[in-house]
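Asker: Let me begin by handing over the structure; questions about it come next.
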Amino acid sequence: ALVKKGGLSGPVAVLNLGPVDLIRKPFNAAQVTARIDTQLKLKRLSDDLRRLSRIDGLTGLANDRAFDEALARELLRAAEARQAVSLVLLEVDFFQSFEALYDRKATDACLASVGEALLQSARRPGDLVARVGRDRFAMVLPDTSSNDALHVANRGLRAVESLDIGHQGSAVSRHVTCSAGVACLDA
């Protein structure tokens, strides 16, 4: 039956109720198949766009938007489950000096390598590594005590140092290093 709404009837009234498409009887198999294919394609594109809106284009890590959502979700989950959750914040040391000394290609490669090293340091599937600023990264570590978070942070710092990316503008090392801070909400 066709719906009457605000004086409208027929397909317009039905589409105003929310569906994205309408197929009238009698069905034409080729038309139904084409419309289903179109809707599946739109769904895939929408999913891809949603996923890409949460990924940092340079590093492939989660971006600050995904980080904010994950942290809020994990803090709530940790409070409800009475479990710990830890946060590690990392910053590339003297990155402004690095940018001043090296070209854009080198700075982008440096950040991508740092991001990959940190991703390898957070080994559990539920851990999130995100780029949250030009030279800043964060790790959300669900069900992780402060002591365990310190181990993850130190593993990340060692991984970045082992990249051995030269940095002539650093006041602390001849290669790229990071500084880190750890915060924990204990159960």
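The values are calculated or read from the model by the stated rules, or taken from the named source; none is laboratory data. Because the structure is a prediction, the values reported are computed rather than measured. Heads up, the Cβs are rebuilt from the backbone with ideal geometry, glycines too, and the neighbour counts pull from every protein chain shown. Just the protein is used for accessible areas: all its heavy atoms, side chains included, with ligands, DNA and RNA removed. Shrake-Rupley method; radii C 1.70, N 1.55, O 1.52, S 1.80 Å.
Asker: Put +1 on the Cβ of every Lys and Arg and -1 on every Asp and Glu Cβ in region 62-187; which of ALA112, ALA72, PHE95 then has its Cα farthest towards the positive end of the dipole?
Answerer: ALA112
Asker: Going Cα to Cα from LYS41, which aspartates and glutamates come in below 14 Å? Please leave out same-chain ones fewer than 8 positions away.
Answerer: Partners within reach: ASP21.
Asker: Convex hull over the alpha-carbon atoms of region 1-102: what's its volume per residue in Å³? Walk me through the numbers before you get to the answer.
Answerer: Values: hull volume 24.3 nm³, N = 102.
Once divided by residue count, the hull of region 1-102 is 238 Å³.
Asker: Here's another thing I want to ask about it. When the solvent-accessible surface of protein heavy atoms is calculated with a 1.4 angstrom probe, in what order do ARG136, ARG24, ARG131 fall, highest first?
Answerer: Details: ARG136 110, ARG24 140, ARG131 30 Å².
Order by accessible area, largest first: ARG24, ARG136, ARG131.
Asker: When you have a sec, figure out the Kirkwood radius of region 125-187 from all distinct Cα pair distances and drop it here in Å to one decimal?
Answerer: Numbers: mean 1/r = 0.0766 Å⁻¹.
Taking every pair of different Cα atoms in region 125-187, averaging 1/r and inverting gives 13.0 Å.
Asker: Also: One quarter of the convex hull surface, Cα atoms only: what value does that give for region 55-187 in nm²?
Answerer: Numbers: hull surface 29.4 nm².
Seen from a random direction, the Cα hull of region 55-187 projects 7.3 nm² on average.
Asker: Using alpha carbons only, how many degrees (0 to 90, rounded to 10) separate the axis of helix 29-52 from the longest principal axis of the chain?
Answerer: 20 degrees
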